[in-house]
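J.: Sharing a structure with you now.
The values are calculated or read from the model by the stated rules, or taken from the named source; none is laboratory data. Note that the coordinates shown come from a computational prediction; the quantities given were computed from them, not determined experimentally. Using ideal geometry, Cβ is built from the backbone for each residue, glycine included, and neighbour counts are taken over all protein chains shown.
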Amino acid sequence: MHPELIRHLLRNHKTLFRRHLRSQQLTYAEHGHPEQVLQLRKVKIPSALQADQVQYSMLAASINPADINQIQGVYPLNPSLPAVGGNEGVLRIEAVGSEVNNLRVGDWAIPAQAGFGTWRNVGVANAKDLLKINNQLSVAEAATLAVNPSTAYRMLQDFVHLQPGDVVLQNGATSAVGQNVIQLCKHFGYTSVNIIRDKSNIVDLIDYLKELGADHILTETQLKGEDAQMLFNNIAAPKLGLNCISGRSTIFIAAALCPNGKLVTYGGMSKQPLQVPTGALIFKRIQLHGFWMSAWNAQQKNQTERLNMLNTLTDLLLQRKLRAPRLEMIPFKDYKLAIKQACDATTTARKQLLVFES
């Protein structure tokens, strides 16, 4: 073969090789139990970027209840199948297209909307689908910024005009959102009353929540006794109730609210319908609301406020006035363990965070 032809073929081979990267992606082609339908696939992605694209590497990605529900097919927002799992995480920009102005190589960013597919080690995305964040945050703080602290912040800001000293009552206080609610209440000067389940490690949980700034903590057993009655005889009636459990748990919250108080539901971990006393609706005129962070993010009118919120939360994290929830940091290669723990919330009180090799 002619030497020039050989060199030509070698040049083309090298060019072709450079045009593609291999991305490891945790995908599902059908809905079902995550442990059964998730598969790790290696997918070729182009390294030659279009003008408005960026190439990125994931640093860490969280596993939230919504991610599990999405794979099960019971979540309102479902991407087309086959899909890459994961909605939240932090990534580092590795290359940018010629017309990208909002991101540079080395910047950290988070997905602008749900359905991004964060359970992959590398990828290519449109720059407009990413939001730059401060890379002075820890990887754990950055990876969990978009969902739980943002949800807590919005619920405290958007439903009741709270003043320092006002009381906020929540169930699910050990959840990631609940932990953020406690810390934000402390920062804003609100009094938090926190309901937790009776667990074997209850003493450790109570100590931890108090360390975060919880003012009052009640177990579900204490709700049925004199402890709860004594507490509410000595503090102002809550103006805002936050619910991620539903079922019978909301009966107590609704009954404890002040007249015209508001009960905001953002989850239903009990998988039971919301239960509210009739008298609380009629005689105290309490109001019921639902909140979904993904829907709020998707509204164009909220984009400026969203950036302001993320900046505020980032400042609080950097000032150590807010901390990420307890996390189980698991290498991406051990994703099966992470998914198993996420599906069985009784195995650990910590949120699972998939960590990628840098």
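J.: For the range 294-343, which positions are touching a helix residue (DSSP H, G or I) at 6+ places or on another chain (Cβ under 7 Å) and polar (S, T, N, Q)?
T.: Selection gives ASN297, ASN302.
J.: Consider the range 254-286. How many of its residues are modelled with pLDDT of 95 or more and closer than 27 Å to ALA146 by Cα?
T.: Summing the residues that are modelled with pLDDT of 95 or more and closer than 27 Å to ALA146 by Cα in the range 254-286 gives 5.
J.: From (1) touching a Ser or Thr at 6+ places or on another chain (Cβ under 9 Å); (2) buried (at least 18 other Cβ atoms within 10 Å of the Cβ), pick out the condition that doesn't hold for PRO76.
T.: Of everything listed in (1) touching a Ser or Thr at 6+ places or on another chain (Cβ under 9 Å); (2) buried (at least 18 other Cβ atoms within 10 Å of the Cβ), PRO76 misses just condition (2).
J.: Return the pairs, sorted by first residue and then second, in which the second residue is aromatic (Phe, Trp, Tyr), the first residue lies in the range 234-260 and is over 17 Å from ILE182 (Cα atoms), the beta carbons are less than 7 Å apart, and the residues are 6+ apart or on different chains.
T.: Going by the 7 Å Cβ cut-off, the qualifying pairs are ALA256/PHE232.
J.: So, one more: For the range 80-113: of the residues being of a type in the set (Val, Ile, Thr) and part of a loop (DSSP other than H, G, I, E, B), which is farthest from LEU327 (Cα to Cα)?
T.: Just the residues of the range 80-113 that are of a type in the set (Val, Ile, Thr), to begin with: 84, 90, 93, 96, 100, 105, 110.
Pick out the ones that are also part of a loop (DSSP other than H, G, I, E, B) and you get 100, 105.
Details: VAL100: 34, VAL105: 28 Å.
So the residue we want is VAL100.
J.: Right, next: Given VAL90, VAL96, which one is of a type outside the set (Lys, Arg), surrounded by 15 or more Cβ atoms within 10 Å (Cβ to Cβ), farther than 20 Å from ASN297 by Cβ and out of contact with any Ser or Thr (no Cβ under 7 Å at 6 or more places or on another chain)? If you could, list the steps in order and put the result at the bottom.
T.: Values: VAL90 fails: farther than 20 Å from ASN297 by Cβ.
None of the others qualify; the one that does is VAL96.
J.: Name the one entry in ALA236, ALA255 that is within 22 Å of GLN157 (Cβ to Cβ) and of a type in the set (Gly, Ala, Ser). Break it down stepwise before answering.
T.: Details: ALA255 fails: within 22 Å of GLN157 (Cβ to Cβ).
Exactly one of ALA236, ALA255 is within 22 Å of GLN157 (Cβ to Cβ) and of a type in the set (Gly, Ala, Ser), namely ALA236.
J.: Considering only residues that are out of contact with any helix residue (DSSP H, G or I) (no Cβ under 7 Å at 6 or more places or on another chain), in contact (Cβ under 8 Å) with a residue 40 or more places away in the chain and more than 23 Å from SER246 (Cβ to Cβ), which ones fall in the range 145-185?
T.: Within the range 145-185, ALA146, GLY165, ASP166 qualify.
J.: So LEU184 fits all but one of (1) hydrophobic (A, V, I, L, M, F, W, C); (2) farther than 22 Å from ASP204 by Cβ; (3) touching a strand residue (DSSP E or B) at 6+ places or on another chain (Cβ under 8 Å); what number is the exception?
T.: Unmet for LEU184, out of (1) hydrophobic (A, V, I, L, M, F, W, C); (2) farther than 22 Å from ASP204 by Cβ; (3) touching a strand residue (DSSP E or B) at 6+ places or on another chain (Cβ under 8 Å): (3).
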